Each structure stands twice: as structure tokens, then as C-alpha cells.
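Following: one structure in C-alpha cells, then a few remarks.
Just so you know, all these numbers are worked out from the coordinates, no wet-lab data involved. These numbers were taken from a predicted model, which means no experiment stands behind them. Reconstructed Cβ throughout: ideal geometry from the backbone, glycine too, with neighbour counts over all protein chains shown.
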Amino acid sequence: MIQKNIIKNNFSNTMNMKNLFGGYYKDKVVFLTGHTGFQGTWLSLWLTLLGAKVIGYSLKPPTSPSLFNILNMKKIVTSKIGNINNNNKLSNEIFACKPDIVMHLAAQALVVPSYQNPIETFSTNIIGTANLLESIRDIPSIKSCLIMTSDKAYENKEFNYAYTENNPMGGTDPYSASKGATELVISSYKKSFFNEKNSPGIATIRAGNVIGGGDWANYRLIPDCIKALVSNKNIILRNPQSIRPWQHVLESLSGFLLVGSKLHKNSKKFSGPWNVGPSPKNILSVESVVKKIIHQWGSGKIIIKKNNLHEAKLLKLDSSKIFNLMKWKPTYSYDDSIEKTVDWYLRYHENKKTIQNFTILQIEDYVKQAQKTKNRWIK
Ligand SMILES: NC(=O)c1ccc[n+]([C@@H]2O[C@H](COP(=O)([O-])OP(=O)(O)OC[C@H]3O[C@@H](n4cnc5c(N)ncnc54)[C@H](O)[C@@H]3O)[C@@H](O)[C@H]2O)c1
């Protein structure tokens, strides 16, 4: 009830999104891990607009400020604070809410901290995912389970080549290796324990470098830039020439939600991995992204300070599978993705009170833009 009142009271002009994705999410109960994080907060909000009831399970917000607190998400979703490594608590919470869908985003999600805390990264990302899969084995209400892994799960040979879902898993730094290993664990669970006719579908989403408003993580390009710009400091770049597939958070989440909406219809056909990457035009160097941010912000200066930690220099994703089977393709151009991101931070710094409404307007804008470009997934 609280959930509905908040949306209704504050956003009477909100477009009705409940029929999107074939109306699949309306009245569904979604158990979502990582709901206090950057993408988890955007996803919680979008799911709520789609008519789902979200029960979140994760540690407290990983940053301060955090999008979760700024948007007052405690009042919009049911929030359970708990560790994915705590088997009993996790199992009890999932069992108690009898979800229709499980979405798993909780992770130690950063490369540099994975060098500082490799065991915690492996434990949370690999064993945490195994804990989740173990917890849902005997819950008949669950029809599908979607797990966010990463493009970094691929064994990156640094070729000028876009990875398809059939390429082998790998990973040099602990974060990337943990995501590769997570994929192997999921595949093993699927083949070993979720192979009956009535087993839930299990899909993984491998997104690129996700950008958007409300991310304050350390060691990520956009938050680092914004922090420097706000405090009039130079922007320090570690790997200016690294090439990444940049995409707006609503792109990775629209692919995620689309796969979820299909998975329950035909779990055999739609289970498995899905690349959800940007258009090849969005595959650009770190330095060119930062120059565009500076241009839009109106000021700022770059300085280069290399470190010795290994980070992939070249990483491209091939998203033909999701296009061929589901007609999903990116909606935002490179310029749009950066503009929407910088607009969000500018609005936040100008007027914090309106940021919840502005975030919803950005979701609506994305949907309208997808409809305008006749993106055929948007039904
Ligand atoms: N941001 C990106 O560029 C990107 C790209 C590809 C994939 N991903 C993946 O998407 C997912 C979400 O990433 P994000 O950008 O929102 O990261 P984030 O760091 O903002 O959020 C991580 C979430 O996981 C939770 N968490 C961390 N450790 C936990 C634990 N032990 N138990 C329970 N909860 C725990 C945090 O509380 C938070 O809610 C992650 O799986 C990440 O690896 C992110």
C-alpha cells in the first residue's frame, strides 16, 4: 500500500508503464538482491512503476551519498538488510516472501577493491550466488531467476573482437575472475538442479560499463569525474586509452527486464547467458568520455596518473543474440547516455528535493525514446 501511495501522490502525471514488457511485471513479487546499490535502486524504482512488489535483500547502501537513500527507497520497497553470505537468513527471507521472480545483483562490483579484498570478492560473488541458487531450489512459486554478471566474465584476449555468449569465461583481476567463475557456478546449478520440466528459468545478463545518475562508487569513471568536478579538482585518469562499452543504466536494465519477461514463457529457450551491450558507436576510450563530460558540465581538467594494476584495455560485447531473439537494441546514442548522466548530477546539485521525480522522468524519457525509435521490444 505504502508503495502505491508514494508513487501516486508524488507523480500524478506519471505515464502508465504497467503494460510494458507485455504487462508481465504487474502484481509480481520480485525478490531483488543488491537493491541498495546503484543499478539495484534504478531497477527497484522501475519495477515499482511496472506494478511489481519489490522485496530487496542486501547490505546497507555501499556509498554515502547513495541513490537508495536519496530516492527514499525504504518507503517504496520492502528493504531487508542482510549478507548474501549468510545462508540461513537469505533462505528464510526468500522462503517467507514466496517470490514469482528472483533478481540477483548483489556483488562486490569493483575491480580495484577486488585487488584489496580478493577473498571477500570471491566469497560474495561466487559463493554468494551459489547460496542464492541453493536457497531457491525448492520454492515452487519461483518461475524465473535473473542474475547480473558482467562483460568482464569473458576471458579477455584484448583482441579487436566483440565477445559473443559462446566465448570462454576467464578474468585476470579478482573481480573479473569472480564473475567468470559465477557464470560457471550458475551453469552447473542449471544443469544439475534446475533441469526438470517445472524448474525456473535461469538467465545471466552480461552488461558493459554502466553509467547513469546516482552512482557514487569509488574507482568508477563517472562518479570519480563528478566528485572532482563538484569540488573543482582535476580529474585523475588511470587508463585514458582503455576502450569500454559504455551504456546508460536504463539500457542494461531494459535488456534485463526483457529477458525476465520472456524467461517464464519458455524457460528452456531463454535460459542461459545474454549480452546486453551498447551500440558499437558507444565503445570508446575513457579519455573521450571524460572530455564529453567536461564539455557538458562546462568546466574541468584531466590529469593522467597510471597505476600498476592490470585492467583490461579493450573490451567489446556482441549483442546480436538478444537482438535476433528478442529484438532488443540500444535506444540511447553515446551523446544521449552521457547527457542523461550529467543532467542527473546537475539536477541533484541544483535541487535535491526534486531528484526523485526527475529520476522517474528519466525512466519515462527512456521509454518514450525507445517507442519513438520503434524499438520493437517496447511493447
Ligand atoms: N556498474 C557497472 O558498470 C556494472 C557493469 C556490469 C555488471 N555489473 C554488475 O551489476 C550488479 C550491480 O552493480 P552496481 O553497479 O549496482 O554495484 P553497487 O556496488 O552499486 O551495488 C552492489 C550491491 O550489492 C550489495 N552487496 C555487496 N556485497 C554484499 C553482500 N555480501 N551481501 C549482500 N549484499 C551485498 C550492496 O549492498 C549493493 O546493494 C553487480 O553484480 C555488478 O557486478 C555492474
- Using a simple spin-label model with points 7 Å from Cα along the Cα→Cβ vector, what separation in nm is obtained for Y161 and S279? 2.6
- Item | Interchain or long-range residues, amide H under 5 Å from Y163's placed H | K316, L317, D318
- HN-Hα J in Hz across the range 113-122 - Karplus 6.51, -1.76, 1.60, θ = phi - 60°, x for Gly and Pro: x, 5, 6, 6, 10, x, 5, 4, 5, 5
- For N16 and K191, what is the calculated FRET efficiency with R₀ set at 51 Å and r taken between the beta-carbons, to the nearest 0.05? 0.80
- List the extent of the Cα atoms of the range 337-379 along each of their three principal axes, largest first, rounded to whole Å. 36, 19, 11
- Task: Set the Förster radius R0 to 35 Å, insert the Cβ-Cβ distance between T373 and Y219 as r into 1/(1 + (r/R0)^6), and round the FRET efficiency to 0.05.
- Result: 0.55
- Note on the structure: Fewest-first ordering of S261, S288, S252 by Cβ atoms within 10 Å yields S288, S261, S252
- Item | Loop GluC sites (Glu not before Pro), the range 196-287 (other Cβ atoms within 10 Å of the site Cβ: 11 or fewer; DSSP) | E196
- Zone of I302 (label point 7 Å along Cα→Cβ, backbone N under 15 Å): which residues in the range 253-284? 283-284
- In terms of modelled amide H atoms, which long-range or inter-chain residues lie less than 5 Å from the amide H of A207? T149, S150, D151, V276
- Message: What FRET efficiency comes out for V112 versus N198 if R0 is 56 angstrom and r is the Cβ-Cβ distance? Round to the nearest 0.05.
- Response: 0.85
- Go through the range 321-332 residue by residue and turn each phi into a ³J(HN,Hα) via Karplus (6.51, -1.76, 1.60, θ = phi - 60°); whole Hz please, and just put x for glycine and proline. 4, 5, 6, 5, 9, 10, 6, 6, 8, x, 9, 8
- Query: What is the magnitude of the charge dipole of the chain about its Cα centre, with +1 placed on the Cβ of each Lys and Arg, -1 on the Cβ of each Asp and Glu, and no other charges, expressed in debye to the nearest 20?
  - Reply: 820
- Classify the range 20-143 as rounded, prolate or oblate from the Cα gyration tensor: take a ≥ b ≥ c as the square roots of its eigenvalues, call it rounded if a/c is under 1.5, otherwise prolate when a/b beats b/c and oblate if not. oblate
- Message: Using a 7 Å offset from the Cα along the Cα-to-Cβ direction at both N87 and E134, what is the distance between the two label points in nm, to one decimal?
- Response: 0.4
- Note on the structure: By the C-alpha gyration tensor axes a ≥ b ≥ c (rounded if a/c is under 1.5, else prolate when a/b exceeds b/c, else oblate), the shape of the range 113-158 is oblate
- Item | Karplus 3J(HN,Hα) series, Hz, for the range 206-211 with 6.51 cos²θ - 1.76 cosθ + 1.60 (x for Gly, Pro) | 10, 9, x, 7, 8, 10
- Item | Antiparallel content of DSSP bridges confined to the chain, in %, to 5 | 10
- Query: Is it possible to state the helix-based mean residue ellipticity at 222 nm for the chain, with each DSSP H run of 4+ residues giving -39500 (n - 2.57), the sum divided by total residues, to the nearest 500 deg cm²/dmol? What is it?
  - Reply: -12500 deg cm²/dmol
- Message: Using 30 Å as the Cα-Cα cut-off, could you pick out the over-long pairs in K265/K368; K268/K368; K53/K281?
- Response: K268/K368; K53/K281
- Task: Note the per residue figure in Å³ for the convex hull of the C-alpha positions in the chain.
- Result: 125
- Can you list residues whose amide H is under 5 Å from L237's amide H, if they're 5+ apart or on another chain and H is modeled 1.01 Å from N? I303, I304, K305
- Note on the structure: Expected sort for 235-244, 14-23 on mean C-beta neighbours within 10 Å, highest first, is 235-244, 14-23
